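Take a look at the structure below.
The values are calculated or read from the model by the stated rules, or taken from the named source; none is laboratory data. The shown structure was predicted, so the numbers you read here are calculated from the model rather than taken from an experiment. Cβ placement follows ideal geometry from the backbone for every residue including glycine, while neighbour counts extend to all protein chains displayed. Side chains are part of the model used for accessible areas, which takes the heavy atoms of the whole protein and leaves out ligands, DNA and RNA. Shrake-Rupley method; radii C 1.70, N 1.55, O 1.52, S 1.80 Å.
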Amino acid sequence: VQLQASGGGLVQAGGSLRLSCAASERIFSPNYMGWYRQAPGKQRELVARISRGASINYADFAEGRFTISGDGTKNTVDLQMNSLKPEDTAVYYCNVQNGLSVDYWGQGTLVTVSS
């Protein structure tokens, strides 16, 4: 299974981007679908994720600015990012964890926010 992420790019502070991710084949009953990010010199961190029960978790920095949406039957997950800040600059990775807790990762898409 491969996850294909798209939508990254360069944007000015205050702007918006929408990231999209799709799986190459069906992942049945995923535990989670979400987005993580990794900034230079930092560890990968959770941005937002949707659980199988449809509950959504956001990192504190994402709350109120980012919106995650997904389709568990199609294994697609999107991240709408508004009011972007320079500190949001990072490589963003989509993630799907299947029902056996196996994690699949996208290749990463770079988001650069200029001040």
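Regarding ALA59, is this residue on the phi > 0 side of the Ramachandran plot, over 11 Å from the mean Cα position of the chain (by Cα) and without any contact (Cβ under 8 Å) to a residue 40 or more places away in the chain?
On the way: on the phi > 0 side of the Ramachandran plot: no; over 11 Å from the mean Cα position of the chain (by Cα): yes; without any contact (Cβ under 8 Å) to a residue 40 or more places away in the chain: yes.
No.
With (1) touching a strand residue (DSSP E or B) at 6+ places or on another chain (Cβ under 7 Å); (2) over 16 Å from TYR36 (Cβ atoms) as the list, and THR73 as the residue in question, which single condition is left unmet?
Looking at each condition in turn, THR73 falls short on (1).
If the Cβ limit is 9 Å and pairs must be 6+ apart or interchain, which residue in region 21-34 that is farther than 10 Å from THR76 by Cα pairs with which residue that is open to solvent by 10 Å² or more (accessible area, probe 1.4 Å) and acidic (Asp, Glu)?
TYR32/ASP103
Among the residues of region 96-111, which ones are in a strand (DSSP E or B) and more than 15 Å from SER6 (Cβ to Cβ)? Break it down into steps so the answer makes sense when it comes.
To start, the set of residues in region 96-111 that are in a strand (DSSP E or B) comprises 96-97, 103-106, 109-111.
Passing the criteria: VAL96, GLN97, ASP103, TYR104.
Could you list, in sequence order, all residues of region 3-54 that are outside any strand (DSSP E or B) and either β-branched (Val, Ile, Thr) or within 13 Å of the chain's Cα centre (by Cα) (or both)? Reasoning before the result, please.
Taking region 3-54 and keeping what is outside any strand (DSSP E or B), we get 7-8, 13-16, 24-31, 39-44, 52-54.
Those that are outside any strand (DSSP E or B) and either β-branched (Val, Ile, Thr) or within 13 Å of the chain's Cα centre (by Cα) (or both): GLY7, GLY8, ILE27, ARG44.
Can you tell me how many residues within region 68-90 are open to solvent by 40 Å² or more (accessible area, probe 1.4 Å) and in a strand (DSSP E or B)?
Of the residues in region 68-90, 5 are open to solvent by 40 Å² or more (accessible area, probe 1.4 Å) and in a strand (DSSP E or B).
Does ARG49 qualify as being surrounded by 13 or more Cβ atoms within 10 Å (Cβ to Cβ), closer than 14 Å to LEU19 by Cβ and either aromatic (Phe, Trp, Tyr) or without any contact (Cβ under 8 Å) to a residue 40 or more places away in the chain (or both)?
Numbers: surrounded by 13 or more Cβ atoms within 10 Å (Cβ to Cβ): yes; closer than 14 Å to LEU19 by Cβ: yes; either aromatic (Phe, Trp, Tyr) or without any contact (Cβ under 8 Å) to a residue 40 or more places away in the chain (or both): no.
Judged against the criteria, ARG49 is not a match.
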